[in-house]
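See below for the structure under consideration.
The values are calculated or read from the model by the stated rules, or taken from the named source; none is laboratory data. A quick note: this is a predicted structure, and the numbers were derived from the prediction, not measured. Here the Cβ positions follow ideal geometry from the backbone for every residue, glycine too, while neighbour counts run over all protein chains shown.
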Amino acid sequence: MGVIVPLSILLPIFFAILKWRYLTAEAKIILWYLLVSAVINFVATIIGKFFHMNNLPLVHILTVLEIIILSAFYKKLLSKKAKPIFYVLLPLVFALLCIANAIFLQSIFTYCSYTRSIAAIIIMIFAINYFVRHFFVLLRRIYAFYLFQFYNCSK
Amino acid sequence: MQKVTDNIFLLVLFAMIGTFILAASFIFFFLRYQRKIATQKAALQKAEIEYGEQLLNATLLSQEDERKRIGRDLHDDVGASLSNLKMIMAQTIETDESKNKYKPLIDNIITTVRTISHTLSPPGLELFGLDYAMHELADSFNISGKIEVSFANNTGTKADKLSKQTALAIYRIVQELLSNTIKHANAKKIAINFDAANDGIVVGYKDDGKGMDLDANNNKFGMGMKNIEARIKMMNASYNIISSLGDGFGITITVKQ
């Protein structure tokens, strides 16, 4: 299991590269996210298993990269509706926070539980924001369709 | 094993913030969903009502067209044929006895056909306007002698300036009201008035029949009254019924020009 689970990330990466031409811009960003996660996981495993060294600095790096990539993903997904400043400023501020955390609170050789928690909250906000916006757009489309049908029938 | 030096309170705070965001967004989402559904339901309902009104208008318009066509056919074809028949019989039948036997019968049929065709499509309305058509309608009821219908137009030429559709709708409404009065009210007198209003006319109708209890009859009107309501809606007019048991039936309809 210790091998299968980390290796399973190669499956979506393989198919994404195979179908590269059909990938949307958002899917390409997610592919980058998968690639970054896979590489960091791979390097962390090698450092830990073969060199018996502390691999926790990689978690600090992954936390920052994760927020940068997912911000880009949600910015693209919401396209015109997203406020660009928010999606650019937020990862920037978060990166600075991570650096400050690594210097003053949790050294890069310890698990960055504070920034991981904040990252989780940020991702949650992204997801909820997208869901709410997308759901109401979908709802409006469904009702518009019904109204259209209704008027069409009445003619 | 790494020594746990994390501030547990800070982590709990993060967890609480996360949970709060989840709960708050759920409530926000639920409320917004409810509101959206309500507005969209209202829009759909409005569309349904509009569709119903359109359907009713279309029915009334096609009904009028059909009445007009049948009335014209009756008057032009059947009426003309009967007149021809009357002429031919006058020429071919020689004995006075036979003439006296058939002539009143044919005259009676011609009169009936003309009355039916005029009821179906009042020719005076298109030719001479609403004022004339209303007088004609009142006279047609007065002939019977059983009821006295008075009509007063206090709007000058305003009534004749109404659109064809509105004039026809008013005419049909009054026709329906008269028919209702005769059928149900046991009235002796009916007064119909047209009065001028700021931006239109007010049609007043009052009989001295047995009246009706509006509270008891709330929403229990028959087809005739529903037709009247539909025509009033079609004209974008408003109405007010004043009636009580033993005090006759009255209605005022305010029509915008």
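Summary of values
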item: Total residues in the stretch B:21-63, condition within 30 Å of A:Leu105 (Cβ to Cβ) and more than 10 Å from every other protein chain (Cβ to nearest Cβ); result: 1
item: Residue among A:Lys76, A:Lys49, A:Lys83 that is of a type in the set (Lys, Arg), under 23 Å from B:Phe26 (Cα atoms) and away from chain B (no Cβ under 14 Å); result: A:Lys83
item: Count of residues meeting criterion [in a helix (DSSP H, G or I) and more than 7 Å from every other protein chain (Cβ to nearest Cβ)] in the stretch B:1-14; result: 4
item: Single unsatisfied condition, B:Met212 versus (1) surrounded by 19 or more Cβ atoms within 10 Å (Cβ to Cβ); (2) part of a helix (DSSP H, G or I); result: (2)
item: First in the stretch B:79-101 and farther than 25 Å from B:His118 by Cβ, second anywhere and of a type in the set (Val, Ile, Thr), Cβ under 6 Å, 6 or more apart; result: B:Lys99/B:Ile93
item: Residue, farthest from A:Met53 (Cα to Cα), within the stretch A:100-115, restricted to residues that are surrounded by fewer than 15 Cβ atoms within 10 Å (Cβ to Cβ) and more than 13 Å from chain B (Cβ to nearest Cβ); result: A:Ala100
item: Those residues of the stretch B:186-209 which are surrounded by fewer than 17 Cβ atoms within 10 Å (Cβ to Cβ), basic (Lys, Arg) and not in a loop (DSSP other than H, G, I, E, B), in sequence order; result: B:Lys189
item: Every residue from the stretch B:56-69 that is within 20 Å of B:Asn227 (Cα to Cα), more than 15 Å from the chain's Cα centre (by Cα) and loosely packed, with under 15 Cβ neighbours inside 10 Å; result: B:Asp65, B:Glu66
item: From B:Ile37, B:Ile49, B:Ile70, residue being touching a Leu at 6+ places or on another chain (Cβ under 7 Å) and over 30 Å from A:Ser117 (Cα atoms); result: B:Ile70
item: Hits in the stretch B:1-24 - residues which are modelled with pLDDT of 90 or more and not aliphatic (A, V, I, L, M); result: B:Phe14, B:Gly18, B:Thr19, B:Phe20
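Residue-wise test of (1) surrounded by 15 or more Cβ atoms within 10 Å (Cβ to Cβ); (2) without any contact (Cβ under 8 Å) to a residue 12 or more places away in the chain.
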residue	(1), (2)
B:Asn108	no, yes
B:Glu136	yes, no
B:Gly145	no, yes
B:Asn153	yes, no
B:Lys164	no, no
